[in-house]
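Notes for the one structure printed next.
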Amino acid sequence: MNTTTPYFDGFHLQTLGRKRLSEEQKMERELAALRQKSFTQLAECFRRFVPERLLLPSPEQAHSRRRIFSKANTFWAFFSQILDADGGCLEVVRKIQAYASASGLKLPASSSSAYCQARSKLERSELMDILKHTAGRLDAMPERGFLKGRRVVVADGTGVSMPDTPANQAEWPQQSQQKEGCGFPTARICACFSLATGGLLSFEVGSKKSVELPLFRKQWEVFSEGDIFLGDKGFCSYYDMANLKGRGVDSVITLARRPPVKAAEAHAVLGENDLLVSWKKPVWNKRLAYSREQWEALPSVLRVRQIHVTVSVPGWRTESFYIVTTLLDAERYPASELAELYLQRWNVELFFRHIKTTMGMDVLKCKSPEMVHKEIIMHFIAYNSVRMLMYEAAEERGVDVSRLSFKGALQALRQWEPHLNHAKIGKRERRRIISRLYDAISENEVPLRPGRSEPRCVKRRPKPYQLLTTARHLMKETLHRSKYRANRA
């Protein structure tokens with residue numbers, strides 16, 4: 001048989017003339033496979049909220065070279081870590097290993113060192129830009145149901161703890177009453193939320209010694225003319241109410257540090273338990289946090305309404321309180337509507353509970369102040385993104401977003417994420433999966449329970465372990481531990 005094709009047993013002819021791949025080409029092939037099965041698939045749900053331009057490779061220095069932990073992959077890995085119930089760095093490494101294994105690639109090392117180094121190279125300023133973008137997207141949603149459509153911004157403070165490292169202790173020292181080695185660094189966070197959407201608009205971080213008002217004053221730029229500020233008695237201040245009024249922002253706050261004005265001393269009686277009163281500017285002193293020039297620039301008299309609210313719900317801690325507001329038009333803003341608005345202030349406690357308890361920000365995990373700041377920002381980015389998903393699901397299904405369960409939405413997202421990270425699904429199938437995700441989010445409504453009593457009490461008893469009252473290396477355990485009873489008080 002005549003043939004011009006040579007035959008060599010054990011050789012595949014199509015590979016004889018193929019040029020061997022360089023190391024750079026091999027790396028590019030692995031990166032292309034990982035891009036199909038990586039954390040960037042999570043962006044299918046959130047690409048409208050997180051600007052892609054901020055996740056592009058840097059022109060030089062950090063995140064400028066093409067690596068498995070690129071800027072985009074590192075950001076979405078950090079994002080995924082916040083959403084995970086475990087929340088550990090090793091959990092992210094295990095995901096990368098699982099994706100690499102499914103793609104037939106070499107498994108990365110089990111150490112979390114590479115991921116932690118890449119995460120530390122994320123710029124805090126860029127993370128803040130992403131957070132502002134998510135806040136802007138939520139803020140663009142139409143306001144409804146609050147005082148003639150005006151935007152209501154509610155503020156409050158909370159505390160978070162973190163690992164007991166020398167760097168964290170220097171930035172956020174523990175309470176002076178605690179012995180060295182027995183406490184944890186504690187940071188104070190004051191944040192502003194949109195009452196309608198629940199989105200976080202701005203925040204400031206201070207130490208445990210920081211009070212809420214100075215942190216709140218750093219966030220005045222978040223207010224726009226026509227907004228309404230809603231706060232508790234910790235924000236009742238002549239200086240702040242007068243300055244916000246000068247910016248065109250009205251306030252609805254609980255009366256504090258001033259005795260209520262009687263009807264005989266009021267400027268006018270607007271209705272039952274509704275008085276128009278005049279506040280005189282207090283005398284300036286050196287202990288105040290603002291200068292004498294700033295104080296003298298304020299008006300000498302501030303006209304406010306004082307509304308006495310009586311709580312008729314059994315089980316509530318407060319039976320009556322006073323509201324002060326710069327909304328002076330009693331016909332346009334009746335006292336009953338302002339009282340109902342103030343009762344909505346409790347939602348900010350729920351917003352913080354979603355972030356701290358449901359998402360696990362109550363106890364942070366990072367060991368340096370810079371990474372603690374980044375961890376806080378990433379929690380807020382993830383929170384706003386989930387809020388946006390809830391809002392879109394509510395809009396498409398025609399339900400009230402305030403009735404949807406945040407924890408249910410987060411649980412649904414955790415279970416849907418592996419399906420979104422599948423490499424073989426197309427855009428049409430991915431849209432179908434996201435639509436089913438919206439269905440799951442919108443179907444989990446929280447029942448209306450008006451007047452429900454929610455005491456801040458713990459039912460579970462603590463384990464009978466001895467309390468740590470000195471440094472761990474000096475602590476000696478009490479004999480007969482079974483007879484010891486921990487004191488939670």
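The values are calculated or read from the model by the stated rules, or taken from the named source; none is laboratory data. Quantities reported herein were computed from a predicted structural model and do not represent experimental measurements. Note that we place each Cβ from the backbone using ideal geometry, even for glycine, and neighbour counts take in every protein chain shown.
Scanning region 263-308 for residues that are assigned to a strand (DSSP E or B) and basic (Lys, Arg), which turns out farthest from the chain's Cα centre (by Cα)? Can you show your working first?
Taking region 263-308 first, the residues assigned to a strand (DSSP E or B) are 268-271, 274-280, 301-308.
Still in the list and also basic (Lys, Arg): 280, 303, 305.
On the way: Lys280: 38, Arg303: 35, Arg305: 33 Å.
In this case the residue turns out to be Lys280.
Yes or no: Pro462 at pLDDT below 80, under 30 Å from the mean Cα position of the chain (by Cα), assigned to a loop (DSSP other than H, G, I, E, B) and surrounded by 10 or more Cβ atoms within 10 Å (Cβ to Cβ)? Full working, then the answer.
Numbers: at pLDDT below 80: yes; under 30 Å from the mean Cα position of the chain (by Cα): yes; assigned to a loop (DSSP other than H, G, I, E, B): yes; surrounded by 10 or more Cβ atoms within 10 Å (Cβ to Cβ): yes.
Criteria met by Pro462.
Is at least one residue of region 345-361 part of a helix (DSSP H, G or I), among the aromatic types (Phe, Trp, Tyr) and surrounded by fewer than 15 Cβ atoms within 10 Å (Cβ to Cβ)? Even if it seems obvious, please write down each step before you answer.
So in region 345-361, the residues part of a helix (DSSP H, G or I) come out as 345-358.
When the remaining residues are screened for being among the aromatic types (Phe, Trp, Tyr), the result is 346, 351-352.
Within this subset, residues satisfying the condition of being surrounded by fewer than 15 Cβ atoms within 10 Å (Cβ to Cβ) are 346.
Yes.
Buried (at least 19 other Cβ atoms within 10 Å of the Cβ), over 28 Å from Glu445 (Cβ atoms) and at pLDDT 85 or above: which single residue out of Glu375, Glu370 fits that description? Spell out the reasoning first.
Values: Glu370 fails: buried (at least 19 other Cβ atoms within 10 Å of the Cβ).
On inspection, the qualifying residue turns out to be Glu375.
Can we say Pro260 is of a type outside the set (A, V, I, L, M) and under 22 Å from Leu341 (Cβ atoms)? Talk me through it step by step, then tell me what you get.
Numbers: of a type outside the set (A, V, I, L, M): yes; under 22 Å from Leu341 (Cβ atoms): yes.
Spelling it out, Pro260 is indeed of a type outside the set (A, V, I, L, M) and under 22 Å from Leu341 (Cβ atoms).
Have a look at Glu337, Glu417 and point out the one that is within 22 Å of Gly149 (Cα to Cα) and either at pLDDT 90 or above or part of a helix (DSSP H, G or I) (or both).
Glu337
Being at pLDDT below 90, within 30 Å of Cys457 (Cα to Cα) and aliphatic (A, V, I, L, M), is that true of even one residue in region 289-304?
No, the conditions are met nowhere in region 289-304.
Name every residue in region 147-180 that is closer than 24 Å to Arg353 by Cβ, buried (at least 18 other Cβ atoms within 10 Å of the Cβ) and modelled with pLDDT under 90, in order of residue number.
If the condition is that a residue be closer than 24 Å to Arg353 by Cβ, buried (at least 18 other Cβ atoms within 10 Å of the Cβ) and modelled with pLDDT under 90, then Gln174 is the only one that fits.
Does Phe203 satisfy the criteria of being hydrophobic (A, V, I, L, M, F, W, C) and either at pLDDT 95 or above or outside the structural domain of Pro163 (by TED's automatic domain parsing) (or both)? Quick ask: steps written out before the conclusion?
Values: hydrophobic (A, V, I, L, M, F, W, C): yes; either at pLDDT 95 or above or outside the structural domain of Pro163 (by TED's automatic domain parsing) (or both): yes.
Against the criterion (hydrophobic (A, V, I, L, M, F, W, C) and either at pLDDT 95 or above or outside the structural domain of Pro163 (by TED's automatic domain parsing) (or both)), Phe203 qualifies.
From the list Ile433, Ile377, pick out the single residue that is outside the structural domain of Met162 (by TED's automatic domain parsing), free of Cβ contacts under 8 Å to residues at least 40 places away in the same chain and assigned to a helix (DSSP H, G or I). Quick ask: steps written out before the conclusion?
Numbers: Ile377 fails: free of Cβ contacts under 8 Å to residues at least 40 places away in the same chain.
Checking each option against the conditions leaves just Ile433.
For every residue, the table says whether it meets (1) assigned by TED's automatic domain parsing to the domain that holds Phe193; (2) crowded, with 19+ Cβ neighbours inside 10 Å; (3) touching a Ser or Thr at 6+ places or on another chain (Cβ under 6 Å); (4) touching a residue at least 24 places away in the same chain (Cβ under 8 Å).
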site	(1), (2), (3), (4)
Leu230	yes, yes, no, yes
Lys262	yes, no, no, no
Gly271	yes, no, no, yes
Val283	yes, no, no, no
Arg303	yes, no, yes, yes
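Kindly indicate the residue of region 230-262 that is assigned to a helix (DSSP H, G or I) and of a type in the set (Lys, Arg) and also modelled with the lowest pLDDT among those meeting that condition. So that I can check it myself, show each step before the final result.
Quick first cut of region 230-262, residues assigned to a helix (DSSP H, G or I) only: 233-235, 238-246.
Add one more test, that the residue is of a type in the set (Lys, Arg), and what stays is 233, 245.
On the way: Lys233: 92, Lys245: 95.
Step by step, filter region 230-262, then rank; the result is Lys233.
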